[in-house]
Every structure is written in structure tokens, then in C-alpha cells.
Amino acid sequence: MRIPIVILVAALIVTAVVVCAVLGERVAPGSPFLQRLEVGDAPPSAVHIAGTDLLGRDVLSRVIYGARTALVGPVVVAAGAFAIATLLGLLSGYLGGLVDSAIMRWVDFMLSLPGPLVAVVVVGVVGGGYWTAVLVLVVLFTAPDTRIVRSAVLEQRPLPYIEAARTLGISKTRILFVHILPNVAPIIFAYVVLDFAFALVNLAGLSFLGLGIEPGTPDWGRMLFENRTILFSNPVALLLPAGMIILTAISVNLIGDWLFERFAK
């Protein structure tokens, strides 16, 4: 199996982010919390490869540590939305009737809401920080995923192998999770990957607005907010976390699309 060079580069980027998230304290050149007020916002140098921010903190160290919040939250959002949407989509698509109507009316209601605005309002009013934002995104991302899973299940339901399973008296639970689920799994996986990328961008946006992550915590979105005023004195402090958000989201999408094309055939 020949892997395209673009996918290899994307996999390398994702691997680097994962390594930074897991081994941040060992990979970072220094502490992301150490303030050097006498240094201030300095441009890149031999001592600080990516320069320092307004408080004299090492930008590269903060970007490396920020990989942890950049991965953990989106993974939880994608996994949570995947679990709930898969269950609801399977039930809705296979059982039909009142169950399908109830689930789809809820989906229609959720899709009618402006997702980003709802996230901003809920997190801003309720508070609770980072994990409140993650929980809100799980709920918001579940609705469109449920519709996708339902559509895939509706394609499988009239096929001969499902009719044969019914004729043999196989239980609905076994049909759903043993027969139908493996056949719709590639489609679900593709949208889980998209959920991760969208969650990464949304959580970074909430952090930029001062919602979610606590001030001072190394986070790519928070760094965009904190370093926006030093764009001209140290542009790397702003461009590096922004570039990591973009590169990580694009890389995950490319890998997900490639895997979907390989295994959905």
C-alpha cells in the first residue's frame, strides 16, 4: 500500500502534536509559566527560539504545552458526539416510527440553533471553564452526526442481509450492533474526524474570546488573544499558535479523508 506524501506529512504533524501533548514537560525547552518581566516581549533569539510574550514567558514552551488542551478537548468532543450520535442514529434509522420522529425533531431543533453563538452564551452565562465548553460542543455536534448515521442506517435496512437476519429471528440489538454498525462505521469515522477538527477550532475560538480555558494556561487559542498586541514586536508569538491550529486541523482532516477512501470501499 503506497501512502501519498501529503498523508505522510500530515501524519508527521499529528504525531508531533501528540508527542508534545504527552511529553510536554520533557520536550519543552523551559517552563511555560516562568515570567521574565525584565525581558518582556522579545523577538526570537538563540535563547528563546520563538521569542517571548508580554510577560517574558517562552512562546515555544507554551505552544508545546498547549498541545495538551488542543488535543484532549477535541478528542472528548469527537468521542462523546460519536457515542451519542451512533446510538441515536441506529435507533432512529432502524426502528423508525415514533422513535425516529422524536429523535429527528430533536435533531431539527438543534440544527436550527446557531451553534457557535449558543456555545458562547452558555459558557459565558453558566461558566465552568474548559470542560463546560467541551460538554456544550458534545451536545451541539451530536445532532448533525445523528442525521448522518441515520441516513447510513436507512441505506442498510432494506438490504438482503438484514432481511435474512430478521427471518432467522436475530434480535434487534444484535442486528444493530453486530451487522449494521460495522457497515456504517467508515462513514461514522469520517465524521468523527471532522468533529475533532471543528472542535479544535471552536475551542480555540472560545479561548480567544476569554471563555473556556483559564487565563495563564498554555493554550493555542488563549495565546492568540494574549499575544495579539505584540504582533509587530514578536509576530512569531501570534503566528506560531495560529499555524498549529490550522496545520493540526488540516492534517487530521486529510488523514480522515484518506482512511475513509481506503476502508469505505
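Worth a mention:
- Selected residue (criterion: surrounded by the fewest Cβ atoms within 10 Å (Cβ to Cβ)) from residues of region 29-55 that are free of Cβ contacts under 8 Å to residues at least 40 places away in the same chain and among the small types (Gly, Ala, Ser): ALA46
- Here SER45 passes the criteria (1) over 22 Å from PRO215 (Cα atoms); (2) of a type in the set (Ser, Thr, Tyr); (3) assigned to a helix (DSSP H, G or I) except the one numbered (3).
- Qualifying residue in region 150-164 (condition: outside any loop (DSSP other than H, G, I, E, B), among the aliphatic types (A, V, I, L, M) and free of Cβ contacts under 8 Å to residues at least 40 places away in the same chain): yes
- Set side by side, the residues VAL59, VAL63 differ, and just one is more than 22 Å from the chain's Cα centre (by Cα), closer than 12 Å to GLY30 by Cα, touching a residue at least 24 places away in the same chain (Cβ under 8 Å) and surrounded by 19 or more Cβ atoms within 10 Å (Cβ to Cβ), which is VAL59.
- The requirement of being surrounded by fewer than 17 Cβ atoms within 10 Å (Cβ to Cβ), out of contact with any helix residue (DSSP H, G or I) (no Cβ under 9 Å at 6 or more places or on another chain) and of a type outside the set (Val, Ile, Thr) is fulfilled nowhere in region 138-156; no residue meets it.
- Each residue in region 234-265 was checked for being without any contact (Cβ under 8 Å) to a residue 40 or more places away in the chain and under 15 Å from the mean Cα position of the chain (by Cα), and 1 of them qualify.
- Residue, surrounded by the fewest Cβ atoms within 10 Å (Cβ to Cβ), within region 1-28, restricted to residues that are in contact with a helix residue (DSSP H, G or I) (Cβ under 6 Å, 6 or more places away or on another chain) and not aliphatic (A, V, I, L, M): GLY24
- Filtering region 92-109 to residues that are of a type outside the set (A, V, I, L, M) and under 21 Å from ILE162 (Cα atoms) leaves SER92, GLY93, TYR94, GLY96, GLY97, ASP100.
- Within region 240-254, tally of residues that are of a type outside the set (S, T, N, Q) and surrounded by fewer than 18 Cβ atoms within 10 Å (Cβ to Cβ): 5
- Selection from region 208-239 of residues that are outside any helix (DSSP H, G or I), touching a Ser or Thr at 6+ places or on another chain (Cβ under 8 Å) and either crowded, with 21+ Cβ neighbours inside 10 Å or on the phi > 0 side of the Ramachandran plot (or both): GLY212, ILE213, PRO218, ASP219, ASN234
- Checked against the criterion of being under 21 Å from GLU214 (Cβ atoms), assigned to a helix (DSSP H, G or I), touching a residue at least 40 places away in the same chain (Cβ under 8 Å) and β-branched (Val, Ile, Thr), the candidates THR86, THR132 yield just one match: THR132.
- Residue among ARG105, ARG68 that alone is at pLDDT 90 or above, part of a helix (DSSP H, G or I) and touching a Cys at 6+ places or on another chain (Cβ under 9 Å): ARG68
The values are calculated or read from the model by the stated rules, or taken from the named source; none is laboratory data. None of these values were measured; they are calculated from a predicted model. Cβ atoms come from the backbone with ideal geometry, glycine included; neighbour counts cover every protein chain shown.
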